[in-house]
Amino acid sequence: MLIHIVISGIATGCIYSLVALGLTLIYKSTEHVNFAQGDMSMVSGFIAFTLFAWLKVPVPLAFFLALVGSLGLGLVMEFLLVKPAIRASHFNVFIITLGASIVMQSASGLIWTHNEFPFPSLFPNKSLVLGPVRTDAGSLGIIFSTSLLMLALFLFFKYSKTGTSLRAVSQSQQAALLMGISVKRCFALTWAISGLVAGIAALLIAPVVFLSTALGFVVVNGFAGAILGGWGSLPGAVVGGVILGVLENIAPFYFPSEIRNIIPFAVLVGVLVIRPSGIMGEERRRRV
Amino acid sequence: MRRVSFFRWTLILVPCLVLFFMAPLVLSKYLVFILNLLAVYVLVAIGLNFVMGYTGQISTGHAAFLALGAYFTAICATRASSLPFYVLLPMAGCFAGLVGFLLGIPILRLRGFYIAMVTLAFGAVVSEIALQWSSLTHGDDGLRVPSAFLGTFVFDSDKRLFYLIQPVTILLILAARNIVSTRVGRAFLAIRQSETAAQTLGINLSWYKTSAFALSAFYTGVAGALFAYAMTHITPDSFSLSTSIDFIAMIVIGGMGSIFGSIIGAVILTAIQQLLGSLAEVQMLVFGIALIVFMIFMPRGISGALRSWRAAVKARKKQSLENTPKGEGYP
Amino acid sequence: MKATGRKAIFVIFLFLLFFGLVSRGSAAEVGVSADSVTVGCSNSFSGPLAFCGLEMVKYGAEIYFKQINDQGGVQGRKVIMKSYDDGYDPTKALVNTKRLVEQDKVFCILEPQGSSPVEATIDYLEQQKVPLLFPFQGLPLKGRMVFTAHTVYPREAEIVVDWMVQKKGFKRIGMIYQDDAYGYTYRDTATPRLKSMNMELAAQEPVKRTSIDLSAQMAKLSQDNLDALWMILTPGPGAMAIKEAKKEGWTKTKLFATGPLTDESFIILSGGEGEGVWGFSDWPDPVHSKKPAIAEYRAALQKYAAGHVPNRYSLFGYFYAKLFAEALNRAGKDVTREKLVTTMESMKNWENGVIPPVSFSKDSHAAEQSGFMVEVKNNVFQPLSGWVSLENGKLVERPLGE
């Protein structure tokens, strides 16, 4: 019986990982932290909602258009917010993304209200029994999609020309520039991909937690997952998120209710104290 | 030359101070209450600046220290009601400072966003403890805070509290200024510019980083005690993540690395919240836009912008001086 | 000290100058003028309860006041409502409330929201002798000038425990509850009441307000062989719990929703899996009920906010604004805060066509102390009982009245 809790925890963890992935993508190339990552998911979800609920567009088409929209949202964010602050410190960009998060939440509230809405799922609503284990199509679907996305990103970064240029930029902007890579274009592309990841996250998360302007709160857990797994590492982001999700689900079985909410954070602090770069993080050398 | 300006600023400063302390007699209760809260936020901003502005570490859970100071004061004042405020305040500060020091020790090995995450976790843990340890904190029902007293005089109104909160705040501002202008302050600044370089100058990184954290926690703890007196009733909901983020916004708006920046950041944030209040559901939207615009056009905060403006004016003056042909009466 | 001190004091002076010295002409009573009465509240227009806040203030109370102002107002005075956003932060709630009382000079505080935010203001309001009317929250509040609205949670918990044990014969009752004052209140009322019947909660599982996965808690509860699972949650997690129960294949355990959870959005979010779920309802169905008073509410909504979907929050706002206006009217032309309170305390059996007749007294400041049980059938809450209340510790049932 415990197994389906673990599977559910992994699925929840994948949700955290998706947010962590988007955060890490942007951090890796630009060293900026995007506080509005969760809210980008939220807006993408509402774009889909407007299409299928208000404009009666068929759901699959609405989903596709929403993903296109999320790509665009990433680009818009980069253009509007980060370019003007390109010489600004990381604190400032963090505050800019914080402002963006607030703006997205209130603007969405004004357009769609702060109510909660059901959201159609990509996966059928069925229970599956595999031997002694009972689970459901939804959880497996989330795990499968996240793995697929991870694989796609891995292949993209490792083997494609664009992906390699992105990696070059994240290692050293100077060197990349010298190699003839348009750093500005790479930044824009990174944000676009991050936006797309946010959009995919919305399609997977919203059916479970329902669509509302509060969807972005998952970003806090995304941060935790990303750091646990190693900030700056893409697989680390996923591993960290999954561990967090599983921990949260197992905690009620082993810990009294008073302290179980502290467990994930305590583990986080513990891991960081023992291994500061997180489970899979990289030690980045810094220039003086 | 110097003697003249000393005399001049005393002439301006003393009446200003006198007027300031007469404020409760002429202002409405509400404005006095706002000024009291403003003083609390100024202290938090100065505290946070020690960590973020001076040594460059991010703390995203600073509301936790505010909570520690507030709950310490509320609990002690309830259980040991004979303790006067001038004992409670430093004790609250030291309690928070001690926790800050203990937290600082393992943290100082971490960098940038790791510290942000650990402090975020710390904030969540303190909030959770305040909620769960209900035998001590009354959990979600909250704690009533007994009024501060001095002998038989009880600070049971906003106007009376003004005379407790403001002098304490001014004292702590002066102390902060002193700290900053000493070797300690310069060491903090050096660490923020570049940790590696600071080390080469012989600055003991771990000692200074941990002290910065402890000092910051102390200030925020005292602010928490004053906060408890001003609010008269505290619940865990007052010390949330969005509170911590408001604090960060304060010092980024005001400008990091300067006491003046801390003060003006607190003032601006409070002023914005007051001004936008009547917008009800549009308030947060305007606030978010204001934050973005601010950060794009004044990236070093208001104090930074003022500094550059003053520097630009000076440079222009110098240039016009140089351009003036000699023999026009200038030595 | 030089530069900083000078600058700092200068800055603070600018600040003060900007807000200026406040003094308004005094009227016969604060907030009451010849042609208007001003009321106000600090509410959530952002944050977790933004939807409820906006509905009850903008589409509830303000709609009612628009309607009544168009008909000439109360005792010839228009009712003006001022509101500020506190985002469920008790600090902001206190700041807003002090602003309303001292700057905006409101007559009373009407319909604020949230146990924490309201708690932060209650001492202040009692001290300033400002009436606090009908806050949208469920804790029993005590105060000379405080009047509560819908059935407070402890009262609801007592009624539900008695009903479950006496009327339905449930033996093994479990509870899944939100990890805050809302959840604790039900748990801490139900536990001693069950004890007095030589029973106890067969299981209890807390859930964090922001949780997105309840599978662990529901899995644990599956093992407890429960007759009923009492859900003290908000609509989102509540719907998740239902879906999880379906996944776990529950057939025997009856799911029971609290008052705040018995809300139409709960049915919508459960996506059809909520059939058969029971609940405690504070209100008749705002969308389908044919009661004239509810039809009047729907008509007002249609008139002043065409197309806006009726729900229990705007109904709350509308109804309690109406109750306030009734009391204001009865208090007469030369109304004061004191007079309003005594007038309210003398109200007996006010027929309103929505909830049972409202009565107040010196000792009882609660507008509603009952509810009726419902079951979800065809995605609508259908009544399972009449209005149930506790009188002298005994369950009493009265007809619903259609």
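I need a count of the residues in segment C:79-110 that are part of a strand (DSSP E or B), facing chain B (nearest Cβ under 10 Å) and crowded, with 23+ Cβ neighbours inside 10 Å. Steps first, answer last, please.
The first filter runs over segment C:79-110 and keeps only residues part of a strand (DSSP E or B), leaving C:79-85, C:108-110.
Adding the requirement that they be facing chain B (nearest Cβ under 10 Å) leaves C:82-85.
From what's left, crowded, with 23+ Cβ neighbours inside 10 Å: C:83-85.
Within segment C:79-110, residues that are part of a strand (DSSP E or B), facing chain B (nearest Cβ under 10 Å) and crowded, with 23+ Cβ neighbours inside 10 Å number 3.
Residue count for segment C:288-299 under the criterion of being hydrophobic (A, V, I, L, M, F, W, C) and surrounded by 21 or more Cβ atoms within 10 Å (Cβ to Cβ): the result is 1.
Of the residues making up segment C:116-131, those that are at the interface with chain B (Cβ under 7 Å from one of its Cβ atoms) and under 17 Å from the mean Cα position of the chain (by Cα) are C:SER116, C:GLU119, C:ALA120.
Please note which helices (runs of 4 or more DSSP H) are completely contained in segment C:275-349 and include at least 3 residues that are assigned by TED's automatic domain parsing to the domain that holds C:PHE65 and basic (Lys, Arg). Full working, then the answer.
Details: elements: C:292-304, C:312-331, C:337-345.
Hits in segment C:275-349: C:312-331.
Residues that are more than 14 Å from chain A (Cβ to nearest Cβ), over 22 Å from C:THR151 (Cα atoms) and of a type outside the set (Gly, Ala, Ser) were ranked within segment C:254-287; the one that is surrounded by the most Cβ atoms within 10 Å (Cβ to Cβ) is C:LYS254.
Exactly one condition in (1) modelled with pLDDT of 85 or more; (2) within 12 Å of another protein chain (Cβ to nearest Cβ) is false for B:LEU43; which is it? In the conditions (1) modelled with pLDDT of 85 or more; (2) within 12 Å of another protein chain (Cβ to nearest Cβ), B:LEU43 misses (2) alone.
The residues of segment A:108-122 that are touching a residue at least 60 places away in the same chain (Cβ under 8 Å) and among the hydrophobic types (A, V, I, L, M, F, W, C), listed by number, are A:ILE111, A:TRP112, A:PHE117, A:PHE119, A:LEU122. Among the residues in segment B:193-211, are any at pLDDT 85 or above and either more than 12 Å from chain C (Cβ to nearest Cβ) or buried (at least 20 other Cβ atoms within 10 Å of the Cβ) (or both)? Checked segment B:193-211: at least one residue is at pLDDT 85 or above and either more than 12 Å from chain C (Cβ to nearest Cβ) or buried (at least 20 other Cβ atoms within 10 Å of the Cβ) (or both).
Under the condition of being more than 8 Å from chain A (Cβ to nearest Cβ), outside any helix (DSSP H, G or I) and in contact with a helix residue (DSSP H, G or I) (Cβ under 8 Å, 6 or more places away or on another chain), the residues counted in segment B:285-326 number 2.
Taking B:PHE260 as the residue in question, decide whether it is under 17 Å from the mean Cα position of the chain (by Cα), among the aromatic types (Phe, Trp, Tyr), facing another protein chain (nearest Cβ under 8 Å) and part of a helix (DSSP H, G or I). When the stated conditions are applied, B:PHE260 passes them. Of all residues in segment C:266-305 being of a type in the set (S, T, N, Q) and over 15 Å from C:ALA61 (Cα atoms), which is modelled with the highest pLDDT? Among those residues, the one meeting the criterion is C:SER281.
Sub-6 Å Cβ pairs linking a first residue in segment A:132-161 that is closer than 22 Å to A:TYR16 by Cα to a second residue that is of a type in the set (Phe, Trp, Tyr) and not in a helix (DSSP H, G or I), at least 6 apart or interchain, are A:ALA137/A:PHE123; A:GLY138/A:PHE123; A:GLY141/A:PHE123, ordered by first then second residue. Selection over segment C:191-211 of residues that are of a type in the set (Gly, Ala, Ser) and over 28 Å from the mean Cα position of the chain (by Cα) gives a count of 2. Pairs meeting the criteria (first residue in segment C:110-136 and under 12 Å from B:HIS233 (Cβ atoms) and hydroxyl-bearing (Ser, Thr, Tyr), second residue modelled with pLDDT of 95 or more and part of a strand (DSSP E or B), beta carbons under 8 Å, at least 6 apart or on different chains) are C:THR121/C:SER42; C:THR121/C:ILE109; C:THR121/C:LEU132.
Just name the residue that is surrounded by the fewest Cβ atoms within 10 Å (Cβ to Cβ) out of those in segment C:141-151 that are within 14 Å of chain B (Cβ to nearest Cβ) and touching a strand residue (DSSP E or B) at 6+ places or on another chain (Cβ under 7 Å). Don't jump to the end; show me each part of the working.
If we filter segment C:141-151 for residues that are within 14 Å of chain B (Cβ to nearest Cβ), which is where we start, we get C:141-143.
Of the ones still in play, those that are also touching a strand residue (DSSP E or B) at 6+ places or on another chain (Cβ under 7 Å) are C:141, C:143.
Numbers: C:LEU141: 18, C:GLY143: 14.
Here the residue is C:GLY143.
In the set C:VAL74, C:VAL161, C:VAL79, which member is of a type in the set (A, V, I, L, M), more than 25 Å from B:ILE234 (Cα to Cα) and without any contact (Cβ under 8 Å) to a residue 40 or more places away in the chain? Residue meeting the stated conditions: C:VAL161. In segment B:239-248, the count of residues that are at the interface with another protein chain (Cβ under 9 Å from one of its Cβ atoms), of a type outside the set (A, V, I, L, M), within 20 Å of the chain's Cα centre (by Cα) and over 30 Å from B:CYS76 (Cβ atoms) is zero. Scanning segment B:127-142 for residues that are surrounded by fewer than 22 Cβ atoms within 10 Å (Cβ to Cβ), more than 10 Å from every other protein chain (Cβ to nearest Cβ) and aliphatic (A, V, I, L, M) gives a single hit, B:LEU136. With respect to being at pLDDT 85 or above and surrounded by 23 or more Cβ atoms within 10 Å (Cβ to Cβ), B:ALA175 falls outside the description. Quick check on my filter: what residues within segment A:225-242 are part of a helix (DSSP H, G or I) and either surrounded by fewer than 24 Cβ atoms within 10 Å (Cβ to Cβ) or at positive phi (or both)? A:LEU234, A:PRO235, A:VAL239 - these are the residues of segment A:225-242 that are part of a helix (DSSP H, G or I) and either surrounded by fewer than 24 Cβ atoms within 10 Å (Cβ to Cβ) or at positive phi (or both).
Would you check if B:ASP158 is in contact with a Phe, Trp or Tyr (Cβ under 7 Å, 6 or more places away or on another chain) and surrounded by 17 or more Cβ atoms within 10 Å (Cβ to Cβ)? Criteria met by B:ASP158. When you scan segment C:100-107, do you find a residue that is in contact (Cβ under 8 Å) with a residue 24 or more places away in the chain and touching a Pro at 6+ places or on another chain (Cβ under 9 Å), even just one? Within segment C:100-107, one or more residues are in contact (Cβ under 8 Å) with a residue 24 or more places away in the chain and touching a Pro at 6+ places or on another chain (Cβ under 9 Å). When A:VAL208, A:VAL246 are checked against the criterion of being at pLDDT 80 or above, at the interface with another protein chain (Cβ under 8 Å from one of its Cβ atoms), on the phi < 0 side of the Ramachandran plot and surrounded by fewer than 24 Cβ atoms within 10 Å (Cβ to Cβ), A:VAL208 stands alone in meeting it.
The values are calculated or read from the model by the stated rules, or taken from the named source; none is laboratory data. Just so it is clear, the structure is predicted and the values come from calculations on it, not from any experiment. Heads up, the Cβs are rebuilt from the backbone with ideal geometry, glycines too, and the neighbour counts pull from every protein chain shown.
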